[in-house]
């Protein structure tokens, strides 16, 4: 009898242990996370705008749809981590913002790949990911070895623009003149296009610039553009006074030395009405043309070396270049930029650089040329508050 009871107890204990092992095995099976799956990507918007997308752009919010996404910890677009909205996270969807992708530093086989990574593994999805156009270089369109990288293009020349996100250009302009996109030929990383043959409508402010626009953005690429018309423009005698001519440069300084003495003018700084202009004449009948031309006074600035401003025209393409070495102010340093002298309006537009000055607050981007001689120059700049010009007096160094 005791033996029978003992056997029954052993059987019950064995059965319980087997049950525990089975339950434990089931729990371990339940802990195994299935790998994620991406089935589609939709625009993150209310219906009916939550449509399927075939092209993504930086900053766009989208919904990644699929299965087993609940354990995903990171989403990558072109190998760049994205921002996840954790409040809208489910096992079947992830709301995420497409990051900015440095296309020139991401492997080409990764650029158009969306990857999700989680405890169960990873999954990838291929979709076109675009961003602002990037121009890396310009090549001559010809068979090797004549397909050389160019540092200057000519009117009518067929070229190969190489870079990223160049497809579906809506505008390609050379110095403001639109190229014909009807014959453009695209590859994955380039476009073959012909430079306009006539630059008679070119904008001198856009000299030596290719403007490239897509639906995503517009960028500017700098390259020398040989334009006979612009070359003739810069042959005007006024540029001889300003720079010495094509292939030359002139260096100007403020007319003030360390003793507070001016060599050519009464002082380094005059003031006038806003209609006072070229050749020290009133540009408008009955206009605002008063002039205050004082000798140097200490409130103008300390008597010291304020540096130099060099204006030039490069040889060949006659590209305007300005170099400023600023001293004696809170914004000292060496600066390089460009400029455009509008012969008709007698104004100079400064691009990427502030003209040599005394440290006062002016509107520096545009100068009104009051006078220009071989050895002296007066530039008027608008006061940012008052309706008047501050006229800076320069002499040739």
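Rule-based calculations on the coordinates, nothing more; no lab input. Every value quoted in this text rests on a predicted model; they were computed, and no experiment measured them. Here the Cβ is made from the backbone with ideal geometry for all residues, glycine too, and neighbour counts use every protein chain on show.
Relative contact order of region 232-289, please, whole-number percent, based on alpha carbon pairs below 8 angstrom and at least 6 residues apart.
17 percent
If you consider only alpha-carbon coordinates, what radius of gyration and Dmax does region 234-396 have, in Å?
Just the Cα atoms of region 234-396 yield Rg and Dmax of 15.1, 44 Å.
Report, to the nearest 10°, how far helix 2-31 tilts away from the longest principal axis of the Cα atoms in the chain, using its own Cα long axis and a range of 0 to 90°.
On a 0 to 90 degree scale, this one is about 20.
Tally the DSSP beta bridges in the chain and give the antiparallel ones as a percent, rounded to 5.
For the chain, the DSSP antiparallel bridge percentage is about 95.
What area, in nm² and to one decimal, does the C-alpha convex hull of region 37-130 cast on average over all directions?
5.5 nm²
Efficiency by 1/(1 + (r/R0)^6): what FRET value for residue 142 and residue 104, r their Cβ-Cβ distance, R0 = 22 Å, to the nearest 0.05?
Efficiency at R0 = 22 Å is approximately 0.35.
With the alpha-carbon atoms as the only input, what is the per residue convex hull volume for region 32-72 in Å³?
Here the figure is 86 Å³ per residue.
Mind checking the full-extension length gain between residue 216 and residue 33? Use 0.36 nm per residue of separation minus the Cα-Cα distance, one decimal, nm.
62.0 nm
Just need the relative contact order of the chain here, percent rounded to a whole number, with Cα pairs under 8 Å and 6+ apart.
This gives 10 percent for the chain.
May I ask for the Rg/Rh ratio of the chain, computed from Cα atoms with Rh as the Kirkwood radius, given to two decimals?
1.28
Tell me the mean residue ellipticity at 222 nm calculated for the chain from its helices only (DSSP H runs of n ≥ 4, each -39500 (n - 2.57), averaged over every residue, nearest 500).
-3500 deg cm²/dmol
At a 10 Å Cβ-Cβ cut-off, how would you order 105, 365, fewest neighbours first?
Ordered from fewest to most neighbouring Cβ atoms within 10 Å, 105, 365 come out as 105, 365.
Out of all Cα-Cα pairs in region 118-244, roughly what percent, to the nearest whole number, are more than 23 Å apart?
40 percent
Which percent of the Cα-Cα distances in region 71-186 go past 18 Å?
Distances greater than 18 Å cover 63 percent of the Cα pairs.
Report the percentage of all Cα-Cα pairs in region 322-385 whose separation exceeds 19 Å, rounded to a whole percent.
Result for the distance tail: 32 percent.
Let's test this: bin the Cα-Cα distances of region 268-340 at 10 Å from zero up to the farthest pair and state each bin's percent.
Reading upward from the zero bin: 16, 26, 35, 21, 2.
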